[in-house]
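Here's the structure, in structure tokens; my notes come after.
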Amino acid sequence: MDLTLKIWRQENARAKGKFVTYQVTDISPDSSFLEMLDVLNQQIIDKLEKPVCFDHDCREGICGACGLYINGRPHGPDSAVTTCQLHMRKFKDGDTIVIEPWRAKPFPIIKDLVADRIAFDKIIHAGGYISVNTGGVPDANAIPIPRNLAEISMDAAACIGCGACVAACKNASAMLFVAAKVSQFAVLPQGKVEASERVKAMVAKMDELGFGSCTNTGACEAECPKEISLSHIARLNREFYTAKIC
Amino acid sequence: MATLNSKIPDGPLAEKWTNYKAIQKLVNPANKRKLDIIVVGTGLAGASAAASLGELGFNVKAFCYQDSPRRAHSIAAQGGINAAKNYQNDGDSVYRLFYDTIKGGDYRSREANVYRLAEVSNNIIDQCVAQGVPFAREYGGLLDNRSFGGAQVSRTFYARGQTGQQLLLGAYGALSRQIHKGTVKIFTRNEMLDVVLVDGKARGIITRNLISGEIERHAAHAVVIASGGYGNAFFLSTNAMGSNGSAAWQIYKKGSFFANPAFVQIHPTCIPVHGSFQSKLTLMSESLRNDGRIWVPKKQEDAEAIRAGKLKPTDIPEEARDYYLERRYPAFGNLVPRDVASRAAKERCDAGFGVGTGLAVYLDFTDAIQRLGKEVVEARYGNLFQMYEKIVDENPYETPMMIYPAIHYTMGGTWVDYELMTSVPGLYSIGESNFSDHGANRLGASALMQGLADGYFVLPYTIQNYLADEIRTPKISTDLPEFTEAVKNVQDRLYRLMNIKGKQSVDSFHKKFGLLLWDLVGMSRNKEGLQKALKNFKLLKEEFWKDIRIPGEPEEMNPELEKASRVADFIEIGELMARDALNREESCGGHFREEFQTEEGEALRNDKDFMYVAAWEYKGPDKDPVLHKELLKYENIEVKQRNYK
């Protein structure tokens, strides 16, 4: 496949960025999107220029490091995949592909396609856990948990923290990310003990960091590589209101 | 000169750990606050250790090269975590888990360490459930288990095909809680480039800030390395792109012995290589072998027709299929340990029965779908099937998966004693980065167990035995001349790399080296090949330092420089792997020497001459490393030829 790439290049956080056009040829349709970028970077290095920086690590769709805004969609045209699991067979020979970093105020650009998502960590630091120390916990089977609740919890826990939900949202809201964590614990007996402190702390931190409001457009759910459901946002809202009233 | 003292406590095996904890030195809460600990790496071992040490009251600094501790490669572990809970009433016990792990490791690991691992395995499951890890459950609400290779009981706990992710997020949650409390300070996008010793003790590290390129100094009373394995030396592996062996290699150069480097694990069920542009290999969980059946055609002409695209796997009738694992190993069948399954696949492909490109075998779910129904198979493996389809563009519900072995894990690593301390005082190594528990072959679902055992339940105890004697040591200053010298060495090395200005990119060089490593020090090895490897790696090292090209500057985000520094270390690690493999004139676990096999082609150990841990001591850039032997004694287990038939 021969492709034209329009890629956001930005020297560092303070510099002004711009789109630069590149041509790549002879790309295998079986290669992944990031492998296509590897080929481009090899070309750039051969010309003694600086390769395009982008975040990536596991390249099997689970670490959540990669995240590119491809032709106007987080993680590109395929559904339920991360950028590293997007394959070139989803494009056509001769296509022009526009590649940008996540665009959201709480995710400032560090360089080229690399955005700083430390805000997500800060939300978790505020309370995205069950407060137990190592040791001194009951036997694992001491608390039976109905299978359907364990499944709902796991559905929510599948979030990889990539930030596609924020990138997809016109308000750069982090509600789906926060909802996934709140939901995972809210349905489990272990998580109920500090449920109200958790939800209040996480929502307050989310607001403080400048993430926008949720208007239920569902763009986040549509672009989530792990198909985290919007219903978790409903649960987050319920948890939040309950916590505020009680 | 350092000597090997494994510090195994006295007493009967089952009482060693209890006895150790009863008499070890502890640090009181007021003194804990005065002591600083550095933890490098935030995977299962690093995150759980940092969190637990923070909870105890120590001042912890945790480092990772990723943008968040949650992205460490433990996250990619799919299948599960072992524990001796015996919830299934199928005869499991601490002793049996210990026994299976020693046997699975082909009698090349330490009894006392492995027994302790089996002992604390149950605490891990309790801990994770308390943290809200959503393990799979039965309809009655209790925890579900599945079986894994090398065991005849079901002791593997799992969270769909994302067990590693869920356990890591549990540990990351515990770590985040300590960060919030201020006991742990986190440094992301920060890579350790050297360890600093003061008066022979580990007192800090030098790191590079991967955003600004700045070189930073960090001091502490003890340093813990939890940086994972060196499997990426091969370029193509199931490791994450950034996984590297550099922290372990830097401490080797500062006096920590490196043990059993030749013991690397080749995982039998990975998606086969399909092109030269490929950047990594994807693992398909071993749990698939619970229900999938592995086969190749019985007739060579059928295999040829499949490779030529003239026949489809579904065209091959049942009687023309060779379920070679079930044929060779009727007792364990498709659930033989990983090394055995990998070699059997290679044997069939080398003999001309491979499918796909010729380097692939089938993993077939037709029987399982007929027996259990598509829904059950989907519930068990749905996300794995989906992942396979996204990558390969074939539907595994309709046509068998194709798989082939790939580098996955390194059993070898930094030598540590019973306390997980390396041969340098105050320097610890935990998780995959040490050599400790898996011998010559790791069983499935045991990596997660070991990482969390080390981090939650072992290190937080043993490190106090050392720190108790450090309570009078004031804060370590980063202005000490040892720090200044280490910074200079790191900077010199980076500038030297930048100034080569050669012609080859880091990736193209790494691919070339990795292929050679795979051919000569991979799934099967021989004397001639290993000697050739040693000679070639030396030449490649010279070529690397003359011809590598790194664009950009060192004082900026520069992934090419990061990779170059890691690859420079990988070449040297590869050299030590070859040296160790050459020295070990036997076949055991993941180390297969063609000269040493039974008539049936099984690995042939030589217990008389090689029942030892090979610990290598660095002697300088142009000198051969020195081999130290830690003899292994088996007092509680009968040493046998492994038999899975």
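Read-outs: derived from the displayed coordinates by stated rules, not from any lab. Everything quoted here is computed from the prediction, not taken from an experiment. Neighbour counts run over all protein chains shown; Cβ positions are idealised from the backbone, glycine included.
Miscellaneous remarks
- Looking at the range B:32-149, the pairs of alpha carbons with a distance over 26 Å make up 35% of the total.
- Ranked by the mean number of other Cβ atoms within 10 Å per residue, highest first, peptides B:477-486, B:352-361 order as B:352-361, B:477-486.
- Placing a label point 7 Å from the Cα of B:Gln152 along the Cα-to-Cβ direction, the residues of the range B:613-645 whose backbone N falls under 16 Å from that point are B:638, B:640-645.
- Proximity of backbone amide H atoms, modeled 1.01 Å from N, is registered between B:Thr414 and B:Ala259, B:Asn434, B:Phe435 at under 5 Å, excluding neighbours fewer than 5 places apart on the same chain.
- Label-point separation in nm, B:Glu394 to B:Ile471, each point 7 Å along Cα→Cβ: 6.4 nm
- Selected from A:Ile97, A:Ile44, A:Ile123 as most flexible by GNM, with chain A as the system and alpha-carbon contacts under 10 Å: A:Ile44
- Simple rule: put +1 on each Lys or Arg Cβ and -1 on each Asp or Glu Cβ in the range B:267-407, find the dipole, and look at B:Thr314, B:Leu283, B:Leu372; the Cα lying farthest toward the positive end is B:Leu283.
- In Hz, Karplus ³J(HN,Hα) per residue of the range B:170-180 (6.51, -1.76, 1.60; θ = phi - 60°; x = Gly, Pro): x, 5, 5, x, 4, 5, 4, 4, 6, 4, 4
- What the phi angles of the range B:528-536 give under the Karplus curve with 6.51, -1.76 and 1.60, with θ = phi - 60°, is a coupling list of 4, x, 6, 5, 4, 4, 4, 5, 5 Hz, glycine and proline written as x.
- Tilt relative to chain B, helix B:338-350 - C-alpha long axis, 0 to 90 degrees, to 10: 50 degrees
- Alpha carbon convex hull of the range B:354-459, projected area averaged over orientations, nm²: 9.5 nm²
- Length-normalised contact order for chain B - Cα pairs under 8 Å, 6+ apart - percent: 20 percent
- Shape box of the range B:151-238 [Cα atoms, principal axes, largest first, Å]: 50, 40, 31
- Legend: mean number of C-beta atoms from other chains within 10 angstrom of residue C-beta atoms, peptide A:143-156, equals 5.
- Neighbours of B:Ser246, meaning other residues whose beta-carbon lies under 12 angstrom from its beta-carbon, give a summed charge of 0 when Lys and Arg score +1 and Asp and Glu score -1.
- Evaluated with a Cβ-only charge set (Lys, Arg +1; Asp, Glu -1), chain B carries a dipole of roughly 940 debye about its Cα centre, given to the nearest 20.
- Basic side chains Lys and Arg get +1 at the Cβ, acidic Asp and Glu get -1 at the Cβ, and with that the dipole of the range B:447-502 about its Cα centre reaches some 320 debye.
- Crossing angle, helix B:374-392 versus chain B [Cα axis fit, 0-90 degrees, rounded to tens]: 70 degrees
- The range B:267-407 has equivalent-ellipsoid semi-axes of 20, 18, 16 Å, by the square roots of 5 times the alpha carbon gyration tensor eigenvalues, sorted largest first.
- Other protein chain Cβ atoms within 10 Å, averaged over every residue that makes up B:389-396: 3
- Computed extension length for B:Leu480-B:Lys512: 7.4 nm, one decimal, from 0.36 nm per residue of separation with the Cα-Cα distance subtracted.
- P(r), alpha carbons of the protein assembly as shown - 10 Å bins starting at zero, rounded %: 2, 13, 24, 27, 22, 10, 2, 0
- Remark on B:Cys270: its backbone amide H falls under 5 Å from those of B:Met284, B:Tyr404, B:Ala406, a criterion applied only to residues 5 or more positions apart or on other chains, H modelled at 1.01 Å from N.
- GNM result for chain A, Cα springs below 10 Å: residue of A:Leu188, A:Leu48, A:Leu86 fluctuating most strongly: A:Leu48
- Coordinate range along principal axes, alpha carbons of the range A:118-245, Å, largest first: 45, 29, 27
- For the protein assembly as shown, the residue among B:Leu604, B:Ala30, B:Tyr329 whose Cα projects farthest onto the positive side of the dipole built from Cβ charges is B:Ala30.
- Computed over the alpha-carbon pairs of the range B:490-612, the distance histogram in 10 Å steps reads 13, 37, 24, 16, 9, 1 percent, short to long.
- Listed by chain and number, the lysines whose C-alpha is less than 21 Å from the C-alpha of A:Lys50, apart from same-chain residues fewer than 8 away, are A:Lys6, A:Lys16, A:Lys18, A:Lys111, B:Lys501, B:Lys503, B:Lys511, B:Lys546, B:Lys563.
- Amide H contacts of B:Ser423 (H built 1.01 Å from N, in plane; Pro and chain starts excluded): B:Phe257 sit under 5 Å, all sequence-distant by 5 or more or on other chains.
- A dipole drawn for chain B from +1 and -1 charges on Cβ atoms has a positive end, and of B:Ile215, B:Gly79, B:Ala568 the residue lying farthest that way is B:Ile215.
- Per residue, the convex hull volume that the Cα atoms of the range B:90-149 enclose (Å³): 101 Å³
- With contacts taken as Cα pairs under 8 Å at a separation of at least 6 residues, the range A:73-132 carries a relative contact order of 17 percent.
- Nearest-ten-degree value, helix A:33-46 long axis tilted from longest Cα axis of chain A: 40 degrees
- Near A:Met1: Cβ cut-off under 10 Å, other residues only, Lys/Arg at +1 and Asp/Glu at -1. The net charge is -2.
- With a Cα cut-off of under 22 Å and a minimum spacing of 8 residues unless on different chains, the lysine pairs in the range A:118-245 number 20.
- Within-14-Å neighbourhood charge of A:Met154 [Cβ basis; K, R +1; D, E -1]: +2
- For the range A:75-86, the Karplus equation 6.51 cos²θ - 1.76 cosθ + 1.60, evaluated at θ = phi - 60°, returns couplings of 6, x, x, 7, 9, 6, 9, 7, 4, 5, 9, 7 Hz by residue, with Gly and Pro reported as x.
- By DSSP, the beta bridges lying fully in the range A:3-111 are antiparallel in about 75 percent of cases.
- Each principal axis of the Cα atoms in chain A has its own extent, and those three values, largest first, are 61, 36, 36 angstrom.
- The per residue volume of the convex hull around the alpha-carbon atoms of chain B is 151 Å³.
- The mean number of Cβ atoms from other chains found within 10 Å of a Cβ in peptide A:42-52 is 4, as a whole number.
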